[in-house]
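Before any comments, here is the structure.
Just so it is clear, none of the values below were taken in a lab; they were calculated from the coordinates. Everything quoted here is computed from the prediction, not taken from an experiment. Glycine also receives a Cβ, built like all others from the backbone with ideal geometry; neighbour counts cover every protein chain displayed.
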Amino acid sequence: RTLRRIEKLVRELKSPRWQDAGLPAVEPQQAKRGKAYYAEYCGACHLDINRDDEQRKIQVRMSSLAAVGSDPATALSAVELMGASGAFQGGKRFYIAGDELGETAPSLYIVNHVMGGVILNNIFQTVLSRRDAKSFGHGDERHPVKYLDGEPMKRGTETSEKALLAYKARPLNGIWASPPYLHNGSVPNMYELMLPAEERSVIFQLGDWVYDEKNMGYQTTITNHASEHVFEFDTRVPGNSNAGHEWGTGKDGRPRLSHEQILAVIEYIKTL
């Protein structure tokens, strides 16, 4: 019941808009130029979404670790992390089917077991959840088509380990409000995200809410705060790598975006 309430609440949320945040107005002609570059370099993965459509469906594209090239630790931990089964020892991965959980088991399997139990022991709530989904415009299919590296995944593999060894390319509406970027927060601003990895900041500071409108991120050189308010992000620490996501950098088989072109893309992203 609580999960259903959360789902309904989340559905009512909308991404923050640049123009509502008291930030400098978007330059229309610059944004228009940026839209073309965005379509060429970003649009295939980061699909558009109408934030004001109450029946909107968020479509995402998954990029494999090999394709995106960013730090693999988060994805690998979802598949490789082991844990004590505890009270679930002897149960099956999918509660009534699948591998039996030993004294230790992949954490993913333990989560699968718990979710299977929640669903099968709360049939009434499960029926109501499916009713809610239909009222939101979702079909009867249990697993909608999932795209990995631009290709639809074979039916039955949507929840496989292969599907988990990837990162999600979400719609970029409201992305201006959530720096630093990449799944591990290793790139301080949008400008650097469109540079080759070797040109990105190796170490940067966090802890200041002063916004950098030009580069789309928070100020990262902090001098007016006590040291305990500042966190230093070091991309050399395991799990913190800022590598990968090098589309538009000249490493994806297309011309590298120039300084002015990057700024134009940023101007367009402000409108999403």
*Could you state the per residue volume, in Å³, of the convex hull enclosing the Cα atoms of the chain?*
172 Å³
*FRET efficiency for residue 115 and residue 240, Cβ-Cβ distance as r, R0 = 30 Å, nearest 0.05?*
0.50
_Max mean-square fluctuation residue, GNM over the chain, Cα-Cα springs under 10 Å, options 78, 66, 87_ = 87
*Dipole of the chain, Cα-centred, from +1 at each Lys and Arg C-beta and -1 at each Asp and Glu C-beta, to the nearest 20 debye?*
1180 debye
*Just order 261-268, 162-169 by mean Cβ neighbour count inside 10 Å, highest at the front, would you?*
261-268, 162-169
_residue 52/residue 130 FRET efficiency (R0 35 Å; Cβ-Cβ; nearest 0.05)_ = 0.85
*So what is log10(I(q)/I(0)) for segment 13-124 at q = 0.13 1/Å, when the Debye sum runs over its Cα atoms only?*
-0.82
*Where q = 0.14, 0.16 Å⁻¹, what log10 of I(q)/I(0) comes from the Debye formula for segment 58-177, counting one point per Cα?*
-0.81, -1.01
*11 Å reach of a label modelled at residue 87, 7 Å along Cα-to-Cβ, counting backbone N of segment 1-24*: none
*Which length gain, in nm to one decimal place, applies between residue 44 and residue 73 when the Cα-Cα distance is subtracted from 0.36 nm times their residue separation?*
7.9 nm
*Quick one: net charge around residue 189, please, counting Lys, Arg +1 and Asp, Glu -1 for every other residue with C-beta under 12 Å from its C-beta.*
-1
*asked:* Let me check I've understood the local charge: for residue 25, count other residues with C-beta under 11 angstrom from its C-beta, Lys and Arg +1, Asp and Glu -1. What total comes out?
replied: -2
*Taking neighbour Cβ counts within 10 Å as the exposure measure, how do 231, 204 sort from fewest upward?*
231, 204
*asked:* Looking at the chain as a GNM with Cα springs under 10 Å, which of 180, 72, 28 has the largest mean-square fluctuation?
replied: 28
